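Q: This is the structure I have questions about; it appears just below.
The values are calculated or read from the model by the stated rules, or taken from the named source; none is laboratory data. This is a predicted model, so every value here is computed, not measured. Reconstructed Cβ throughout: ideal geometry from the backbone, glycine too, with neighbour counts over all protein chains shown.
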Amino acid sequence: MAYTSSSLHLHKHLLLPKTTRRHTNPSFVAAAAKINGVNGHSSKKSPNGKAQINGDGKKGVNGSGRKKAAAQHINGNDRIHLSVSTGGAGGQDGFGLRVAFQGAPGAYSEFAAKTALPGCDTVPCRAFADALAAVDGGAVDRAILPVESTMEGTALRNYDLLLRHDLVVVQEINLFVHYCLLAMPGVRAAEVRRVISHPMALAHCGRALARLGVDREPVEDTAGAVEMLRSNRMLDTAAIASPRAADLYGLDVLAHGLQDESWNVTRFLLLSKPPSPVTLPMDADAKTSMVVAHRGGSMMVVLKVLSAFSSRNINLTKLEVINNNDGGGGGGGGAAAGHPVMILDTSARGAPTLRAFPHVLYVDCEGASHDPRVLDAIKEIERFAVFVRVLGCYAADSNVYDLQ
Ligand SMILES: O=C(O)C(=O)C[C@]1(C(=O)O)C=C[C@@H](O)C=C1
């Protein structure tokens, strides 16, 4: 598969935070009200560089996002599209930055990179491991990694990758993922015998594919599937990818909204080499991600971690419990099942070392890593845990972006 670098110009829409949305009609209505966003960002920017709605700054963002403002309903569906005036929490447009992503141009990861940093140049990579190695080795400035989805939970395989590198999380991006069924021009749905896509996309569309009664074949990424279809002129095969990929590669869209759940959001993390290039003001809505390795034996440690945060009134936004010492995948599931989690220990003097931990917690909390309450909570956890590594501190962004 020949991957080429691309420069994307995207219209960006903002969906309301998940807490304000209802789960209703499972079918996806493609109509989008493009109000103000052009090329991923418009000329109007709030003074603090945070996302605004319709340029009037009515919408709370970056973790707050509770206010419903300037909402527009589309076709009676519960999807709400709002324009945003800047990309990337913290107002960093990313001009001059190179961001590595897995996949061919048009992959969802590329959209996420462009959402985070609208001005960046995206660099396609064959695998997530290549994207992380590229930023680690200094070939690019950032890498983008999907880490969880509303339908599948934590992408353990990608967490495994992240933890093996000395990288820091600098931004989070929630992307609404619309899946379409794409085929060569003129091909009809009844002629499709096989569907190819990224394994996650195939999993997210399991029921729809079962209804179609087609064979499924995993490939490296959604846009790569489209590229494969196009370059081999496959007439009995369709691909699951975004409407944007259909445009880029000139394919027909046979069906929209293939995902089994109407609410399908993937969370991505933007990664950089340390030290973090992001400096958050003391009063910013921030999040801190960390990994806690412990001795296992009981679930008491989970209660102790919860108490370290709750006693300081710190809210957690993620807690994933991995117990992988039973050889059978107990607790961990996914790619990491049965194997200890390998974490690069950067805390010791000398060269960072890769250490194996069977019992691990992935924790995201509200608050910055330099907030005394968060610092104290981490200190308390360090007293009973084997090891704590802070993965990054970044602006909290509870918005869900919708790119088409
Ligand atoms: O294949 C792509 O387009 C990707 O960006 C990868 C990926 C993933 O790994 O989860 C990203 C978002 C969607 O959930 C489907 C696939």
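Q: Identify all residues within the range 237-253 that are over 16 Å from residue 104 (Cβ atoms) and surrounded by fewer than 19 Cβ atoms within 10 Å (Cβ to Cβ); write none if there are none.
A: The answer is 252, 253.
Q: Next question, about the same structure. Among the residues of the range 121-140, are any farther than 28 Å from residue 255 by Cα and within 11 Å of the chain's Cα centre (by Cα)?
A: Scanning the range 121-140 turns up no residue that is farther than 28 Å from residue 255 by Cα and within 11 Å of the chain's Cα centre (by Cα).
Q: Name the residues in the range 134-159 that are at positive phi and away from the ligand (no atom under 16 Å from the Cβ), would you?
A: The initial filter retains those residues of the range 134-159 that are at positive phi, namely 138, 153.
Of everything in the range 134-159, just one residue is at positive phi and away from the ligand (no atom under 16 Å from the Cβ), namely 138.
Q: Could you tell me whether residue 112 is crowded, with 24+ Cβ neighbours inside 10 Å, more than 10 Å from the ligand (Cβ to nearest atom) and within 27 Å of residue 369 (Cα to Cα)?
A: Details: crowded, with 24+ Cβ neighbours inside 10 Å: yes; more than 10 Å from the ligand (Cβ to nearest atom): no; within 27 Å of residue 369 (Cα to Cα): yes.
So residue 112 fails the test.
Q: Also: List the helices (runs of 4 or more DSSP H) inside the range 160-246, counting only whole elements, that have at least 3 residues being near the ligand (Cβ under 10 Å from one of its atoms).
A: In the range 160-246, the matching helices (runs of 4 or more DSSP H) lie at 199-204, 222-231.
Q: Cβ-Cβ distance below 6 Å, separation of 6 or more or different chains: which pairs start in the range 208-231 with a residue that is assigned by TED's automatic domain parsing to the domain that holds residue 112 and over 17 Å from residue 185 (Cβ atoms) and end on one that is among the small types (Gly, Ala, Ser) and loosely packed, with under 15 Cβ neighbours inside 10 Å?
A: none
Q: When you go through 191, 152, 172, 220 one by one, which is the residue that is of a type outside the set (A, V, I, L, M, F, W, C) and more than 22 Å from the chain's Cα centre (by Cα)?
A: Working: 152 fails: more than 22 Å from the chain's Cα centre (by Cα); 172 fails: more than 22 Å from the chain's Cα centre (by Cα); 220 fails: more than 22 Å from the chain's Cα centre (by Cα).
So the residue among 191, 152, 172, 220 that is of a type outside the set (A, V, I, L, M, F, W, C) and more than 22 Å from the chain's Cα centre (by Cα) is 191.
Q: A follow-up question, please. Going residue by residue through the range 121-131, is there one that turns out to be crowded, with 24+ Cβ neighbours inside 10 Å and out of contact with any strand residue (DSSP E or B) (no Cβ under 6 Å at 6 or more places or on another chain)?
A: Yes.
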